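Step one of this worksheet: look at the structure below.
The values are calculated or read from the model by the stated rules, or taken from the named source; none is laboratory data. Here the structure is a predicted model, which is why all the values come from computation and not from measurement. All Cβ positions, even for glycine, are placed from backbone atoms using ideal geometry, and neighbour counts span all protein chains on display.
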Amino acid sequence: MLVHLGDARRLKRWREKAVDAIAAAYLAFKIDDATALSELAELALTGDAAGRLLALWGKERRYTVRSLTAAQVKKAYTRGLLSRPAALEELAELHYTSADANLLLDE
């Protein structure tokens with residue numbers, strides 16, 4: 001009985017790692033819905049279970065917003081890719097005070 005329980009635990013960990021790998025690829029836009037569902041089906045995750053995972057990952061995709069760092073904003077401004085007002089707005093979203101944002105752009 002202990003051998004079977006150990007095997008079940010290993011199988012569960014393997015399956016979780018495989019699902020995590022599929023999730024990471026999906027969240028990084030490396031695979032689409034159909035590919036994710038196909039990969040999940042190979043793990044015997046189909047129907048409602050696969051649909052729920054895909055719905056969760058879809059929400060993560062939609063609500064994970066990437067922002068420029070202050071250094072990236074300054075670099076874009078210095079290269080003329082961002083206007084000063086746009087750069088100041090970006091820095092304000094990063095919680096820079098107006099004085100600090102202006103100081104950063106003038107360095």
Item to check | Within the range 29-52, considering residues that are of a type in the set (Val, Ile, Thr) and outside any helix (DSSP H, G or I), the one farthest from Val65 (Cα to Cα) | outcome: Thr46
Next on the checklist: Whether any residue in the range 60-81 is outside any helix (DSSP H, G or I), outside the structural domain of Leu11 (by TED's automatic domain parsing), at pLDDT 95 or above and at positive phi is what I want to check.
Outcome noted: yes
Checklist entry - Just one of the numbered conditions (1) in the same structural domain as Ala28 (by TED's automatic domain parsing); (2) surrounded by 10 or more Cβ atoms within 10 Å (Cβ to Cβ) is not true of Ala44; which one? => result (2)
